[in-house]
Each structure stands twice: as C-alpha cells, then as structure tokens.
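Since the structure comes first, as structure tokens, the remarks are kept for the end.
Every number here is computed from the coordinates shown, using simple stated rules; none is lab data. Quantities reported herein were computed from a predicted structural model and do not represent experimental measurements. So basically every Cβ, Gly included, is an ideal-geometry build from the backbone, and we count neighbours across all protein chains shown.
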C-alpha cells in the first residue's frame, strides 16, 4: 500500500498552519509541521518537528528530514516575520530578521526540497505573500522589502521548475488572517480555513493550467 | 425542490465554453450558453441561446433572459475577439471590434446581471483575460487594448460589488487553449478542462477568501 | 533656415495643454493645439485648430494637417473624458464616451502620425495616463477601463515603433492637476508646469535611454 | 559663497557612476564617489572615498562622512551584485551577497542620509533597479530577489519621506549598460551618459510633479 502523500508546512502556526493541516488531513494526507518550537497539541494526522531553518544546521536537518520521510508532495512556506515601524526607528536587526525569515529561509527550503521533488516526479511549492508583496507602505520597509524578495524568488523558481514538473505558486494574502497575532490590531477578514481550501485546490491543479499567482482577500476588504 | 443553480456563459464556444458546461453539469448545474448563433450539438444539461450582445436589443434580451430564468449564480464572460496585425495594417474596425466584443459586451452583461445577483443574495462573475491583459505586444494593439479595458472594468466591479456579496474575478489565461481556433498557429498548452476546473473552484470560494485575479498557464509555457 | 520643431497637443485645454504650449514655446518650438473648439486667447507661438477627432472626417482632417504642416516632432495625447458614477447609475453612453475619447481618438492620432514620424526619421508620442490606468476604482468603471485601454495601446506602439526610431511614452499622472476642472472637487497637487517640464525632458531623451512609463505625483500625494 | 551641491554615488564604477559624475560636474556639483576601493583616475570635480558599506563600521563611516561633508543634495544608490546560475548551482553565499549588496547596503545608506536630508530641507534619493526588479527569471533567483527587495524598500521610503520633502525614485534599467562588465556577454543598448541625463532630470523635478519610478531602455531593446 502506498504511503500517504505528505504536506510540509514551514512556519507552522495556529492560524493558517493549523487550517492547512486540518484541510489536508481531511484528504488523508500526512502533515509535517515545521516550526522553531513544536507546539501543543499534537497534530491528528502528522507530526511537529522543531526546526530552526536559519540555524547553522538548518539545511542539513532539512536534508535529513527528506531522507527520513521522503520528499513532500506539497510544501507550503508560510513563515511570517512582521515588523512595522517608522523608518527612522527601524533597526537593522529588524530589516535583516524579516529577510532571513521570509526570503533566506525560503531559499533554504527550496534548495532542499526541489531536487527531491523533481526526482520524485513532481510536487507543489506554495509561498505565502501579502499585500506588502506588491506595495511598500511607509512603515513597512522591512516587511515589504522581504516580501518583495520572496516574490522575486518564487518567480524565478516557477520559471526554472515548472517545465520540470514542479508547480510553484505565490499567494497574495491581502489582509489579516482572523486567527493571526495581528487580528486584534487590524480588521481581520481573511478566514484561515478558506485560505487553506484555496491552497488545497492549487495543489490539485493539473499541468494543463497551473496558477503561479493569485490574491486572496475577504469579501469586504478594501483594495 | 429548489431549482438547480445556473451557470451562464457569455461567448460560449467549443473550447473553454464546452469545458465549463461539462464541468458544471457534473455538479448538476444548469447551463445557459450564450453565443451569436446557437451551435450543435445541444447541451446535455442546459440550453443554447442565440444572442448578439452588441445588437441594439442586446441589453433588453439579457433582461428578458433574467426574467425568464432568474439570475445566474455564476456568469463567465469569455468572449474572444482576436485581431493581430502590424499597427499600420490594423483597421479601425478591428480596433473597435475587439473593444466592443470584449469590453462593451462585458459592460452590458455586468449591468444586466449584477443587480439581479445582488438581489438574489450573491453570485460570481468571472472575466477571461489573457497574456495581453498585462502586456501590449507589438502586433496586439487592438487585442491588448481591449483586454486591458476589460481588466480595468473587472477591477472596478470587484471593488464595487464584493462588499455587497458578488464575487468578481479576472483570469489571466497565459497561453493558447488546446481547443481554440488559434491552436494550429501557436503552441497550445492550456487545457480547457483544467481551466474550467479552476473556474469551478473560484465559484466555490467563500467570502472569507476570494480571489480577484489569478493566472493560468501550462506547465511548460515560457513566461 | 530650418522650420522650427513642432509640438502637437491633442486634447488641448487650459491646464496641462497650456503649460505644455508655454514650455515648448520657451524652446522656440511651434505648437499646434488641437481641441474640439479653438479657445481664446490665441497661442503665442502656434495656432489653435478646432478638430473633432471622433467626427467622421477626423482621420482625414488629421492627414490633411500633416500635409499642411509636416509631421510633428512630438505629439502629446492628453484627451480627458472623465465620468464617475456608481456602476448601476453609469450609462452605456458614458462608458463609450470615455473609450472613444481616450482610446479610439488615440488610435486615430497614432495611425495618422506614426507613418509620418517614421518617414521623418523619428519623433515622440506621449500619452497621458492617470491613477486609473493601473487601478479600477469602484466608481471608475468607465474612466479606468478606458485609461487601461490607452495603456495597452501605448505599450503595443512602443514595442512596434521604438526599434524604428519613434519614442512612445505613457505617463501615470497620479493625482489631480491644479488647473483642471476637477481641482475644486479633489485635492489638486500636480503642478501643470512641472508636468510639462517632465514631458519636455521625455522628448529630449536620446535612443540610448528611453523611458516608456513614468509616474508623476505631487510630493504630498498619498499613494 | 554657498558650498556647491553634492552628489554622492554609492557603488561608484566606471559605467553609470562615471557618467553621473561627469553629468553633475557639468552643473558644477561636487561628487563623492563611494566604492569599496577608490579607483584611478581621480575625479575632476570631487573625490573618491573607499568605503565598504557592509563592513561592521559601514554605518559609522557614513555618519562620519555626513559630519565632514554635510548632507548630499542627491544620493544615487547604484550598487550592483550580479549572480546568475541555475538554481541548483546557486550557493547561499550568492543569494546573500546579492541581498546584502543591493538591499542591506541601501538600507544603511538610507538610514544615514535621510535624517540629514530632512534636516537640510530636502534632497533626492535614487535607487537603480533593473529588469529583474519586476521579473524573476529562471536563473536570476539571487539577483531578482535582491532587486525586488530594493524596490520594496524604495517604495516604503518614498511613501514615508516624500511628504517631508525628500524625493525618492527607483529606476528600471531595462537592459545592459554599454560600459558594464556584462557588456561583452549581452547586447548592451543602454547608454550610461543618457541614463545619467535621466537621473539628472529626476533630481531637477519640483515637488509639484515627482516621479517615483521610470523605466529606461535602449530604443531597440525588446521588452
């Protein structure tokens, strides 16, 4: 009997991460939830792995995970490092932390996973972008610059790997997720379960019509 | 017993139109296929309606269809008027025909359908765009200008109607559909059934995460 | 002695049109100001020509002007047809008027002028766009759709004619001009003389670095 | 007698850097050319400063330069770190080097210069982008991701500082500069002197019409 398909979530958290785990579990996928610390409760249909992608051994540990578990069919990169500040008050550490978390981590994951996916005959890589992937707001120099960087990376990967069978998508999450840490500060109109559903359908697209980029926003989100 | 949900396809043809009719029929929707002449064979799960949207009575006939059939749950605007020529050889009639077919027709359909959808409590409007919606190529002055016009219209409608419950989406079909009239001239990598599936999933999105724009291209389409 | 270089302004008006006439007059250019009715006062360094581009003889009269005056070195297309309304209240006449004035008129002008410019060894065509060239706002279905159409046309012309020596530019005037008819309704932060200066410098670019698109906005314009 | 206005060029090199120095020298500006090593020959109207922006004391040395020379009226950030490789062959060091050179360096320069410019009553900051600022090509994961990052930063700075009197511009240099190190490998159609002229005119724009982004390409550059 074939092993169940695997979804890996890099940057797992209680909002979109948990919704993705639930959505794919419904389809009997196995889920590997990667985050810096393994949270409670345990996943129904998978496992938490505590992994700091930016640590010196981050790439090696990713490679090890692939040896142990095989290549994921789908990897979602949903690491969010949010910083907002007037530019004069923004510290270089913040500027660097956003890029390392959202772009360098994505680079490491892509380098580990893409050869394995190609060898396994295909797969899907989804990168979570944001409003700030398209627009650098006045107090978003760090966050937007890093989200722009991620988008450029995602485009390059799509152009390089789609002809070789790996679907690479980039989403514009235009708004704040209802379950996110920022939901108190901002009007939160994006429903994690609805976003997870959109990600599921992206992974079910066939090579005859792949989406590279789509936006997702709540019905009453101004844009 | 409730009447089945209706899909209307404006600009029905044997490529994407037929694939949409088949996809929604699978979900037991009723399909109304609008085109200038009603083609053979008959639809399994719906009806052809011969309707020239640009005729003097186009708007009145649309209104009459809504009276007869009720508001569609989903309307796909997939009218294609393709002209390609060096600019010096492009006739004003071609420039006008592209705009009338792809933008003015969309305006008429939106004006007829949106009030009915709003009154019915919601719905989905999908406009088919193309590579030329984002890029005006040297020989595409007529086609691209009209596709740009359609995109501007679609954005305005999304901003106006999404807060009132109507989902408005615009697709970038980046490439030539395998069943289209142009499939002989160009490398045709877009699979109509796969595109129809993406449209189906757009219509199933919930207000917690609506997509306004997504691209769709074959896995080996250069972009 | 060589004839002075000519600037033609299609859609001449008291705001940007007058500022352009003044700016180019400073460089001793001759200005031909085209508008539906020839306004007072007369131009210091040129002439008004009453010309309805959309009339049945619009194209013929343009051709005749080229015979009489020779090809313009620079043509600025600055026709504005502004309509703003909730979509349900927007009339088809408005939707059509925006497109005819801003896109079809541009098509006619381009068809008349480009062969003459190419034959004369070069020239510059500048199309005035707006915020609405990139974003379709809720009440801007007519205006935005037409401005999008103009942008698609401008791109096609740039790709077709720049390799043949005609520079084609499209500006994003992001905001309201201080002298425009809308200056009372909106915060008007764009200075016509400053915009005219930017247009002048576009026309002075050499083929080693041509700008196709640039935005222009007042320093305190939110964007 | 007033001190001459100063142009600082971060990432000075023999191509665009030298052309900018020459162009502004023509206007009697004083030029400070910053690069990791001070090249020969000396500048006619300014000075070379050997400065490694990414060194531990990079920010401190910038601050010191401002104390010594006063705030520049204009700063051009033209640091280029080019890497091109198939993604599987791209090393993390390359990915990081592009971002550090093109985005982190820009961050440091902006943090040093913007308070000084604001205090001095205004100024202009120009960031050099590239084709890869808008499009991540298959072999450009490192270069494009970093150029995207720079663009996001530039937008944030424009929105934050333009209302306070500092003009922030981002250019899309679409093509290879004739004098660049890559001119042998690629068709080089961008003329450094023509680009420098466009930068000069950007700095001469008045607050009534500032350009945030413009593209620059050779007349025969395909796009």
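Among C:144, C:156, C:86, which one shows the highest mean-square fluctuation when chain C is modelled as a Gaussian network with alpha-carbon springs under 10 Å? Result for chain C, Cα springs under 10 Å: C:86 fluctuates most.
What number, rounded to the nearest 500 deg cm²/dmol, is the helix-based mean residue ellipticity at 222 nm of chain D, given -39500 (n - 2.57) per DSSP H run of at least four residues and division by all its residues? Taking each H run of at least 4 residues, the total per residue is -11500 deg cm²/dmol. Relative to the dominant Cα principal axis of chain A, helix A:105-119 is inclined by about 20°. Once the Cα atoms of helix C:16-25 and of chain C are each reduced to a long axis, what angle between those two axes, in degrees from 0 to 90 to the nearest 10, is obtained? Roughly 20 degrees, rounded to the nearest 10. Each of D:167, B:69 has some number of other Cβ atoms within 10 Å of its Cβ, and from fewest to most they run B:69, D:167. Quick one: Debye curve from the alpha-carbon atoms of chain D only, equal weights, vacuum; give me log10 I(q)/I(0) at q = 0.08, 0.11, 0.12 Å⁻¹ to two decimals. Debye curve over Cα of chain D, log10 I(q)/I(0) at q = 0.08, 0.11, 0.12 Å⁻¹: -0.26, -0.51, -0.61. Comparing Cα centroids, the stretch B:7-26 and the stretch C:79-138 end up 34 angstrom apart.
For the pair the stretch C:198-223 and the stretch D:140-170, the centres of their Cα atoms are 17 angstrom apart. Considering only C:34, C:62, C:20, the mean-square fluctuation computed in a Gaussian network model of chain C, springs between alpha carbons under 10 angstrom, is largest for C:62.
For the stretch B:5-77, what number results from the quotient of the Cα radius of gyration and 2.2 N^0.38 Å?
In units of the globular-protein estimate, the stretch B:5-77 measures up at 1.02.
Springs between Cα atoms under 10 Å define the GNM used for chain B, and in it the highest mean-square fluctuation of B:206, B:118, B:171 occurs at B:206.
For the stretch D:1-37, the residues whose amide N sits under 20 Å from a probe point set 7 Å from the Cα of residue D:64 along the beta carbon direction are D:8-12, D:32-37. Footprinting exposure proxy ranking of C:9, B:126, C:66, fewest other C-beta atoms within 10 angstrom first, gives C:66, B:126, C:9.
Where does helix B:141-161 land angle-wise versus the long Cα axis of chain B, in degrees 0 to 90, nearest 10? Helix B:141-161 sits at roughly 30 degrees to that axis. For the pair residue C:55 and residue B:182, label points projected 7 Å from Cα toward Cβ lie 3.8 nm apart. Across chain B, C-alpha contacts under 8 Å between residues 6 or more apart give a mean separation that, scaled by the residue count, equals a relative contact order of 19 percent. Relative contact order for the stretch D:1-126: 26 percent, from Cα pairs under 8 Å spaced at least 6 residues apart, divided by residue count. Bridges between two residues of the protein assembly as shown, per DSSP, are antiparallel at a rate of about 5%.
Contact order for the stretch C:64-144, expressed relative to its length and based on alpha carbon pairs under 8 Å spaced 6+ residues apart, stands at 50 percent.
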